[in-house]
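Each reported figure results from applying straightforward, stated rules to the coordinates on display, with no laboratory input. Source: prediction; values computed, not measured.
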Amino acid sequence: MTTTVPNTDVRTSEATTRPAPPAGGPAPGVAGAPAPGAAGTRLVALDRFRGVALLAMLLHHLCEWLAGDARQVLPGWPDFTLTDVAAPAFFVAAGASCSLLVAGRRRRGASAVRVAGVVLRRYGLLVPVGMALGWFLWREPYAFGVLEALGTTVCVAAVVGALLPGGLVTIAATTALVAGVLVERDMTGQTDWLAVEFWAGNFPAITYLGFVLVGMAAVRSGRFVDRRWVAGAALAGIGGFIAMLADGIIPARYPGDVGLVVPGLAGTAVAYLVCQLDWPAWLARLDGLLRAAAVHTFGLFLAHYGIYWGLDVSGLLRDVPDVLAVPVAATLAVVLCVVAPHVPQLPWSVRTGWRRPR
């Protein structure tokens, strides 16, 4: 379980490994601080954020498979539970990670062709993997699921990012999110594959491309390490969410309309802000769990579908009492995250390619 879907190309954190700035100097992650993505660095906030999104996804899926409807047993609204934020958060994190990856490789002198090859390996290969998984579990290889959506949107976003200067990536992200909502509405009532799976469906392509571009834009601007800017974005997201509720729009995971985009981005900003904070010592174990899980996201994703398969063949799929679903799901999610770092590495992975002999 050593591969990962979204991953930075860095190794330490501005929040925990940099020396404290001098009095009056820049806070970690703001203007004047050491550049993120530099050789030998890793962003703890982004790792925590991916770990939080992963844990939320595991909890949501496991509750769904145990009880039948996660939104009946988890806190939230009838069509949108708090764990539904995991989907937009994952795609935002993937955009940020891909941007850091490309910048790091180009900084080391890699050619554009070589960088494109790395992006295709890390993200493009998710598409055939997702198709194979869909065939094995449901005999539906042509569904546009999370892996297919992640692979497709990150590769497209990487091309957009390569063609546009930093400021225009923000405009592209906004355009994609607005266009995604409009296209989703236009697809209502249509029954062809593109309408049902690609333009609309569980992961409407244009909307989720917008989420990826949001992450890329945050990295390209450098603001993703500025706590004050992230706090402002979180407050703006909360304000937009309150305005949405006041307008009578109820949060909903499906379709990919305003009811998904606004709470998805607001929840993402709030979660990332929390991950940027200096966590107290008593949260050290949770911090370590999240950050370790963050570098095994792909393996954990595949492993939790092993639980789905086990529930299916045992006849327990969607047949566990609601009162037991959440504690059992939480326990299984934590166990997966604890075990993942101890699983032997494969000789090849989506993230690193072939392992080099030491």
Practice prompt. Name the most mobile residue of 130, 299, 240, meaning the one with the largest mean-square fluctuation, in a Gaussian network model of the chain with Cα contacts below 10 Å.
Written response: 240
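Sequence gap at least 6, Cα distance under 8 Å: using those rules, report the relative contact order of segment 229-331 to the nearest whole percent.
Averaging sequence separation for qualifying contacts and normalising by length gives 21 percent for segment 229-331.
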Discussion item. For a quick check, take a GNM of the chain with Cα springs below 10 Å and name the residue from 55, 316, 290 with the largest mean-square fluctuation.
Written reply: 316
Fill in: Alpha-carbon centroids, segment 301-318 and segment 222-286: separation in whole Å
31 Å
Discussion item. Connecting C-alpha atoms closer than 10 Å in a GNM of the chain, tell me which of 53, 294, 176 has the biggest fluctuation.
Written reply: 176
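Please work out whether segment 57-151 counts as rounded, prolate or oblate from its C-alpha gyration tensor, where a ≥ b ≥ c are the square roots of the eigenvalues and a/c under 1.5 means rounded, while otherwise a/b larger than b/c means prolate and anything else oblate?
Values: a/c = 4.14, a/b = 1.76, b/c = 2.36.
Verdict is oblate for segment 57-151.
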Item to complete: Averaged over every viewing direction, what's the projected area of the C-alpha convex hull for segment 216-295? Give it in nm², one decimal, please.
Response: 6.9 nm²
Worksheet item: On the first, second and third principal axes, largest extent first, how far apart are the outermost C-alpha atoms of segment 106-227 in Å?
Response: 43, 31, 27
Worksheet item: Where in the chain are the DSSP H helices whose alpha-carbon span along the long axis reaches 18 Å or more and whose Kyte-Doolittle mean is at least 0.0?
Response: 44-67, 86-107, 146-163, 166-186, 205-221, 227-246, 258-276, 297-314, 322-339
Discussion item. Over the Cα atoms, compute the radius of gyration (one decimal) and Dmax (the largest Cα-Cα distance, rounded to a whole number) for the chain, in Å.
Written reply: 19.8, 62
